[in-house]
Each structure stands twice: as structure tokens, then as C-alpha cells.
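Accompanying notes for the structure given below.
The values are calculated or read from the model by the stated rules, or taken from the named source; none is laboratory data. Since this is a predicted model, take the numbers as computed values, not measurements. All Cβ positions, even for glycine, are placed from backbone atoms using ideal geometry, and neighbour counts span all protein chains on display.
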Amino acid sequence: MAHSGITRFLDSASSKSSVRYALYLGSITFFFALILIPPILGIFLKWNTMAETLRDPTLVSRATAAIYASFAIAIFVSVIDVVAGLPTAWLVARGRSRWLNVLDTFVDIPFIVPTATLGYSLLLFWSKPEGVSSLFGGSLVSPGWLLVILLHFAFSYPVVVRVMVGAILDYKREYEEAARTLGAPPLTTDRTVTLPILKPSLIASFTLAFARSVSETGATLMVAGVFFENGPIFIKKARDLGYEGPLVFVSFILIVISCAIFATIRLLGSRLKMPLRNVWPVAERKLSSSSVTAVRNSLSLFVFLLLVLIPSLFVALPAFLAMTNGTINQAVRGVGVWQGYWQSLILSYSVGFVVTMLNTLAGLPMAVLIARKRVGTTLSSILDVLVNIPLIVPSIALGTSLSIFWKSVAFIPEIGLLTFAHLSITYPYFVRSMAAAIERVNVDYDNAARTLGGRPFTVFRTIILPLTKYSLFAGAIMVFTRSVDETGATLAVVTQLRTAPVLLVEWVKGTVQATPLDIGLGCAILVLLSFIILLVSRLLVRGRY
Amino acid sequence: MPEVRVVNVAKKFDKILAVDNVSLQIHDKEYFCLLGPSGCGKTTLLRLIAGLVEPDKGEIYIENRLVNSVPPEDRGIGFVFQQYALFPHMNVWDNVTYGPRVKALGKKASKDIGREMLEMVKLFERLDAFPSELSGGMMQRVALARALAAGSKLLLLDEPLGALDAKIRNELRYELRKFAKDLELTGIHVTHDQAEAMAISDRIAVMRKGKILQIGTPQELYMNPQHIFVAHFIGESNFLEGYISKRTEKESTIELRGGLFVSTSDKTHKEGDKVVIAIRPEVLTVEKGEKRRTNSIFGQVEGFRFEGTNVRCQIRLENGDSVLVVRPALMTEWFNIGEKVTVSFPAEKSFVFPYPEKGLKKELALE
């Protein structure tokens, strides 16, 4: 193990408790000053502007309807996600066919595709004559609430499947086997034993799907049509028209209700009872039969293919056509609508890179602090809860509040606001992933290393970090992709700058005259670059360890 | 009646042959142990009988019914898992009455069975407790009560005492047998602990590398091991290598390393065969000084330990081999390290095995 001067210095400094606590204090300060307070407090600074909205009943009813649409769609979609995603997760985790590995990979595709691209892909598939609508001689699903539901289902479905596959794989199968040996058929076993034990993961997957749905802005704007409004769309319209009062009002309500819903889930989720006591042996035995299981699996696959996979990948069709008809040449030369495209890509990836670096550096001490309860059990638990707030606050409301806060505190250039907004939105992804990974590392390893003479930083460097390196990498990748993908908060903080998803939204909304082939190619390039960056960083990390 | 028959059953996991063409018959109301070192396939065999794993080939019969394609819930078994697998979200009562409930035995019957089982394992007063609030011994009892409450006459136990402290383990193993006998159950108990198997079984199958090496009562396995590994795994044995130098109708003379000769009553090998002679440590006698007798070898004391009931004496023989002698502490002389001694044994109390093809060390290895 080579020791550089810096490493030796850090090793030795980490022995001093004052240094350790200074690091933790710095991390906590970073969290409160940059991540938590601006997105929450900003909205309160414009408290007085809400009065003008409340005096206008038309505006209030429109705002209320938009807020209602946000939560109604989020709850509906999350419930459907869990109902449809659970059988797929079960199939992926428990099935024996080797084709299920392919399904497992395909489930992640909507993760890789930025939501703005996903939005356009769904719009093409369901609404445009180039898609499935061509079979029906018109627009099968017109832009509006139904298409928004289809979109939200498509992008939050993989979240549910991914969380539940992990939970089912981690689940101790002995419980299930015990129930079977006691006489319970498979369906009774799943209902009375497996699902109640997996309840925390079910709640977590529902919560994540809900948060994604409430927060999503860019893709929703693409498929919402002229008349449909939910919270984020209302905020965007209010912002475009310069109505500060309604914007603050809706942002405030979205933040408050989101926090209230998550607090309720956190407090009451564990007490949620599942129907355990009643069993219907004959009916459940029939429903456990292989033919019923085959029908269920086929239905799950059908839903996944028709509502998630094919619509998500449909954008590849215009992208392919754009390669053959010369659009690609315009794109490469950066002429016409493509003038700002490459700058927007560079901006997206640069901000993504900077945000990833900053959040990794600032998030690591916070993750250690939460996982190892370094500042006491109570304070660490409080921080653990607070870290989730940026995740549950709708991103456009977060951006709005953050923008108001910084503009009233100091002059910050637009690029600074953009970075701060992305920092705030992506911070929980890294800290949650790392804290969970560090918690899984047996604390005895730390103690063993300390008794063998390792100083705190040495222990972190040589024990915790190697054991959590994949989570570190996964957390960093999540931060990066989320930042590149982010639209809602970006729309709320920028006026001049254009990130790639914002530009694509403008193309689709017709602010800039782009052809479907332009948009398709623009989306495909974004997906391709994200994929290449992911692949390269994965190879780099693999080579290093 | 729950008699279990396993006929030519095999099970492979990837490239590992966990159960290799095994056949055995377990009688009604018998307490039967599957004994062997870790990874020998005993748990897989138990899980095959339970229907938790499907065999690649062979047949499994329970009560003369072929159950290969019968799911576990319809095999009429009770299964106690090594880590108990008590449902963490249910209290003791709900765990124990789970079987009667899913079998739709009715509320009253479920209640009666639950009460009876919990009273039997002396845990009725803890019926509201959750598994996380119970000690290891209590969890074991609840797991047993739950398995019995399902109403099966065939009880399968996968290392049921493995997670307990030594003292509780020793107490509970007799209880397990008593419950099985009182309720007239057929019990199949998997363990790697030969003392546990010897103490509670009617019969034992010793397994190694997916195969059954020998089935017999504890006495048969101890007194008459048919395989060198069984002689090694059941109790303790000293192994000495040699050749059959002379064979008569009554005995064989074996030439050990260093030109030493001993006699045995073995008549299964012919002159010139390379063999291994196994002698139990408690069969060997040791006395001070060098005294030439039948089947005696001189040696020197290398180690001497008092263990309460017995003393253990490690002796380096004159040919360089080492043997262990175990004698009752109150009935033997005590020896000093380095002291010269004579070790001897009766010819009829040794076992002679052909020298293993892959070498003695490999044949005796536990993994």
C-alpha cells in the first residue's frame, strides 16, 4: 500500500477528534446551506405575493385543479406501478428461464433514457401518425391527461421493478419454504408471509414512484397538450407569463403536501396492516396453479412491452430515419435548429460532472455520519430524514424556491443557480446510496482495523471504501444521470442557458421549429452519449479495482 | 403411516453433485438421523424429501405414495429449519396456528391445536411475543410447535439444534426425541454432530460427498463400521498403515511400518494387500515400561491431558506413527511426558480396511 504525503497527513489528522468533527460540521453546513434551506426557505420569502392569487377565485380554482391533478395522477400511477411491477419483479427474481436476464436488462431501459426523450418517444408512439396511431387512422391517445398517465407509468415502472427485484432477491426464502411445508399454497404463502415481510420495500417503491411522478416536468410538458395542467405545468406557465403569485402559491402547496404525504407514509407505513388472517385455501390453491401463473406472467410481460418498453424505444425510429435522409449532416454542422444543440449538451454534461464531484465530496462524510451515527443516534436519524426532502419536493417547485432564495440573498450568475439546483436535487441520491452501503458493512470490520493500529481515515480508505466502492460508483452515476436528465428545476432557474432536456422540450413544444426527425435524432444523441459515458466510467472503475 | 422411501435419487447444483444416487428407507415411527460433514448432501436430501428441491432423477415415496411432483404443502410434513424461519411479522400464536389456518381446519380446531402445542413446549404464556423477543431455545420450541401443529406425522428437522448453545443443545436433543416418540411421529433429523446423532437416533445414515456410506443403529456404526470414513467420523479412531503379511483361517498378521507386526481377526483381505487398521482410542491399553505381549507396540508419551471423565494420552510409537489412547480417569495410571510405555489391543477389537485408492488423508478428509 503506497502512502503519499497527503495520505499520511490525512491519516494522522483523522486521529484528532477536532479534525473529524470539523469535517462532519462542514458536511452538515454544506447540507443545510446549499441543499436543504434554499429550496424550502425561498418560497417563504415571497409569502406576501400569494395574497394576490388567493383574491382571484378563477386562478385559485385553476391552481387547485393543477395541484389535485399532480397528486391524483401520482397516487394512481404509483398504485398501478406496484400492481403491475410486482409480478414482473417476481418473474425476474424467481423465474428460471435464461431469457429473464434479457428482461432484467430491458427493465432498466427507461432509466437510461432521459425523461425528456421518453416523453417525446411516447408522444410519437401514442399520438403521432408515425406511431401505433397509424393503425387506427388518427391519434390513438391525444396529448392530455391519459398520455401523462401513460408517461408517468412508463418512467416510474422501472423504479418499482428494480426496488422489488432487489427486495425479493435479498428476502430469506426460508420463510416461504416454512409456510409451504405448513400447508400453504404459493398464493397464500406470498400473501400472508412474503408480502408482509417485503412491506417496507413495497412502501419504498411506491414512495419513489410517487416522488418521480409528482416531480417530473420536462416530459410531462411534451405530452400534456394545450389544456391539461398539473402542478409543474402550471408553475411553468405562470413563470413564462411572469405571474409570481400563482407560481409561489402552487410551489408552496406542492412542497407542503409532498412533505405531509411522505411524513404520513413514514409514520404510518410500518403500521399498515395487510390482510393476513383470512385464508381461502381452495380458491388460493386454484389461483396458484401453473396455468394461472402463466397467464399472470404473460400479462405482466404484455404490459411491460406495450406500455413501457416499446413506447420508450420508439424514438429510435425517427432517429434512424434522420441518419439516412441528411438530418445527421445538419446536426454535425450545427446549422438551423441544431445551432444551440451541442452547447446545450456540453452544458448538461459539464454541470452533471461538477455536481457529481461536489456531491461525492460533500456527501461522503454525511453518509458516514448517518450510517455510523457519528453525531449521536437522534441527530443522525434526523439528518437521515432531512436528506430525503429534496427527493420528495417536486423539482420545479424546488427550483422556483431556490431561485427566489438566492436572488434575494446575493447576485448569483445563472450557471451558479443551475449548479445549486442540480446539487440540491441530486444530493439525496448519493448520500442515501452510500449511507445504505456503509450500514451494510459490519462495524466490527472498522473496530478490527482500529485495534490493528488503523487511524480513522486509514480505516475509511482501506476498509469502508473498498467494500462500498460499487455503491459509491452507483451513487455517483445516479447523481450524474439525474443531473443530465433534470428539466423541472432547470426550467425554474434559467432564462438564458439551455440544457439539453430544456432544448428538447422547446423543440417539441414548437418554440423552435424542429422537425420530428430533428427531435428524434436530438433525443437519440442524448441517450447515446449518456450510455457511452456510463459505459466508459464503468470500464474505468472496473480497471481501477 | 409415514414410512419414507428414497429410490436412486440424485440432485445436481450446477456442477456439484449434491446427492448421488441415494436409496434409503425410513420406517414408520422411527427417529432417523442423516449425519455427515458440511456439504455432504444431507440437507439437500432432507429438502428433496420435503419437496423444497426437485430431484434430477429417482423417486421419493411418503406413505407408499410417489411424491416427486407433489408440492411441499401437500406432502403432509412438518419441517423445522436450522434458523427456525419463524415469521417475523407474526407473534408466537399466529406462527403456531399458521398451519391449521392455511389448512382451513376451522377456528376452534386451530385454537385447540395451538393451545395444545404451546402447552406441550411450555410456551403458552409467551403466545403474544414476537420471534425477536424470544431466546434461541424458545424460538426452537416455537418452531417445533409450529411444525407439529400442522398435524403431520412426518417431522423433518434440518440441524434444529445447530444455532443453540452447547448446554441448551444437549437438553433439547432429548426433548426432541421424546416429543417424536410420544406423538408417534417419524422423524428425520439432519446433523453434523455425531454425538447428537448417536444420542437420539434409532438409526443413522452416514453421508459423505452425496453418498450414503452406511446405515445402522448407533451401536452398529460404532462397533462395526463398514467404511473407513465411518470409523473416523463416528467416535474416534487411530489409523495405522500396513500390509497383510500372513493370513490364516482365524486371523491376519499385519506388518506395520518399521517392521512391527500385529494380529487382527480380519479375514477379508489376502496376503500382500495394503491395508489400514483402525483401533478405537478406548480399546488401546497403555502401561509403563516396555513389556512384550501379543499385539503390543513400544512407544513414548508425547502428551497427556486430563478431561474429567477420561484422560487422553498421545503416544509416539517406535515406528514413528502416533496413536491416541483414551482411558477412564479413575481407572488408569498417570503418565509423564517422555515416559516409555507399551501400547496393546485385543486382535478382535480392531477394524481392517483396504488402503484407499486416493490415499488415507484424502479418504478421511471432512471436506
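Cβ contacts < 8 Å: first residue free of Cβ contacts under 8 Å to residues at least 40 places away in the same chain, restricted to the stretch A:97-109; second residue surrounded by 12 or more Cβ atoms within 10 Å (Cβ to Cβ), any location; separation 6+ or different chain. Result?
Partner pairs satisfying both residue conditions: A:Leu100/A:Leu91; A:Leu100/A:Val92.
Okay, residues lined up against (1) among the β-branched types (Val, Ile, Thr); (2) in contact (Cβ under 8 Å) with a residue 60 or more places away in the chain; (3) not in a loop (DSSP other than H, G, I, E, B):
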position: A:Ser201; (1), (2), (3): no, no, yes
position: A:Ala209; (1), (2), (3): no, yes, yes
position: A:Val250; (1), (2), (3): yes, yes, yes
position: A:Asn278; (1), (2), (3): no, no, no
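How about the stretch A:431-545: which helices (runs of 4 or more DSSP H) wholly inside it have at least 2 residues that are closer than 30 Å to A:Pro143 by Cα, in contact (Cβ under 8 Å) with a residue 24 or more places away in the chain and of a type in the set (Ser, Thr, Tyr)?
The qualifying helices (runs of 4 or more DSSP H) are A:465-485.
Conditions (1) of a type in the set (Ser, Thr, Tyr); (2) in contact (Cβ under 8 Å) with a residue 12 or more places away in the chain, marked per residue:
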position	(1), (2)
A:Val256	no, no
A:Cys259	no, yes
A:Lys273	no, no
A:Pro281	no, yes
A:Lys286	no, no
A:Ser312	yes, yes
A:Ala322	no, yes
A:Ile328	no, yes
A:Val332	no, no
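From B:Thr248, B:Thr253, B:Thr264, grab the single residue that is buried (at least 20 other Cβ atoms within 10 Å of the Cβ) and at pLDDT below 95.
Exactly one of B:Thr248, B:Thr253, B:Thr264 is buried (at least 20 other Cβ atoms within 10 Å of the Cβ) and at pLDDT below 95, namely B:Thr264.
Sort out which residues of the stretch B:117-150 are out of contact with any helix residue (DSSP H, G or I) (no Cβ under 7 Å at 6 or more places or on another chain), within 12 Å of chain A (Cβ to nearest Cβ) and surrounded by fewer than 23 Cβ atoms within 10 Å (Cβ to Cβ), and write them in order of number.
Listed by number, the list is empty, since nothing qualifies.
One residue is enough: does the stretch A:289-302 have a residue meeting the conditions outside any helix (DSSP H, G or I), within 14 Å of chain B (Cβ to nearest Cβ) and touching a Leu at 6+ places or on another chain (Cβ under 6 Å)?
Within the stretch A:289-302, none of the residues are outside any helix (DSSP H, G or I), within 14 Å of chain B (Cβ to nearest Cβ) and touching a Leu at 6+ places or on another chain (Cβ under 6 Å).
Just one of the numbered conditions (1) of a type outside the set (Gly, Ala, Ser); (2) over 26 Å from the mean Cα position of the chain (by Cα); (3) closer than 30 Å to A:Leu151 by Cα is not true of A:Leu386; which one?
In the conditions (1) of a type outside the set (Gly, Ala, Ser); (2) over 26 Å from the mean Cα position of the chain (by Cα); (3) closer than 30 Å to A:Leu151 by Cα, A:Leu386 misses (2) alone.
Take B:Phe81 and decide whether it is aromatic (Phe, Trp, Tyr), in the same structural domain as B:Lys12 (by TED's automatic domain parsing) and more than 28 Å from the chain's Cα centre (by Cα).
So B:Phe81 fails the test.
For residues that are away from chain A (no Cβ under 11 Å) and either of a type in the set (Gly, Ala, Ser) or in contact (Cβ under 8 Å) with a residue 24 or more places away in the chain (or both), scanning just the stretch B:83-111, find the one that is nearest to B:Thr191 (Cα to Cα).
Taking the candidates together, the pick is B:Val92.
Within the stretch A:167-184, which residues are surrounded by fewer than 24 Cβ atoms within 10 Å (Cβ to Cβ) and either touching a Lys or Arg at 6+ places or on another chain (Cβ under 7 Å) or part of a helix (DSSP H, G or I) (or both)?
Scanning the stretch A:167-184 gives A:Ala167, A:Ile168, A:Leu169, A:Asp170, A:Glu174, A:Tyr175, A:Glu176, A:Glu177.
Determine which single condition B:Asn95 fails, assuming it passes every other condition in (1) buried (at least 24 other Cβ atoms within 10 Å of the Cβ); (2) in contact with a Lys or Arg (Cβ under 8 Å, 6 or more places away or on another chain); (3) modelled with pLDDT of 95 or more; (4) not hydrophobic (A, V, I, L, M, F, W, C).
Status for B:Asn95: all satisfied but (3).
So, in the stretch B:249-269, exactly how many residues are in contact with a Ser or Thr (Cβ under 9 Å, 6 or more places away or on another chain), of a type in the set (D, E, K, R) and more than 18 Å from B:Asp321 (Cα to Cα)?
4
Restricting attention to the stretch A:225-240, does a residue exist that is within 14 Å of another protein chain (Cβ to nearest Cβ), of a type in the set (Lys, Arg) and buried (at least 24 other Cβ atoms within 10 Å of the Cβ)?
No, that holds for no residue.
Going by what's in this entry, would B:Ala163 be described as buried (at least 24 other Cβ atoms within 10 Å of the Cβ), in contact (Cβ under 8 Å) with a residue 60 or more places away in the chain and within 13 Å of chain A (Cβ to nearest Cβ)?
So B:Ala163 does not fit the description; no.
Pairs, please: C-beta under 6 Å, at least 6 apart or cross-chain, first residue under 10 Å from B:Lys349 (Cβ atoms) and in the stretch B:278-300, second of a type in the set (Lys, Arg) and at pLDDT below 95?
B:Val283/B:Lys349
In the stretch B:224-265, how many residues are closer than 21 Å to B:Asp193 by Cβ and free of Cβ contacts under 8 Å to residues at least 12 places away in the same chain?
Within the stretch B:224-265, residues that are closer than 21 Å to B:Asp193 by Cβ and free of Cβ contacts under 8 Å to residues at least 12 places away in the same chain number 0.
Going through A:Asp56, A:Asp81, A:Asp11 one at a time, which residue ends up being over 28 Å from A:Tyr427 (Cβ atoms) and either of a type outside the set (Lys, Arg) or modelled with pLDDT under 95 (or both)?
Only one candidate passes the filter, namely A:Asp56.
Does the stretch B:34-66 hold any residues that are more than 21 Å from B:Phe81 (Cα to Cα) and either among the small types (Gly, Ala, Ser) or out of contact with any Pro (no Cβ under 6 Å at 6 or more places or on another chain) (or both), and which are they?
Selection gives B:Asp56, B:Lys57, B:Gly58, B:Glu59, B:Tyr61, B:Asn64, B:Arg65, B:Leu66.
What's the number of the only condition in (1) of a type outside the set (Lys, Arg); (2) touching a residue at least 40 places away in the same chain (Cβ under 8 Å); (3) at the interface with another protein chain (Cβ under 10 Å from one of its Cβ atoms); (4) surrounded by 20 or more Cβ atoms within 10 Å (Cβ to Cβ) that B:Ile60 fails to meet?
(3)
I'd like the full set of residues that are touching a residue at least 24 places away in the same chain (Cβ under 8 Å) and over 17 Å from A:Leu307 (Cβ atoms), limited to the stretch A:129-141.
Across the stretch A:129-141, the qualifying residue is only A:Glu130.
How many of the residues in the stretch B:296-349 are touching a Pro at 6+ places or on another chain (Cβ under 8 Å) and within 22 Å of B:Gly242 (Cβ to Cβ)?
3
At pLDDT 90 or above, surrounded by 15 or more Cβ atoms within 10 Å (Cβ to Cβ) and assigned to a strand (DSSP E or B): does that describe B:Val190?
For B:Val190, the condition - at pLDDT 90 or above, surrounded by 15 or more Cβ atoms within 10 Å (Cβ to Cβ) and assigned to a strand (DSSP E or B) - is met.
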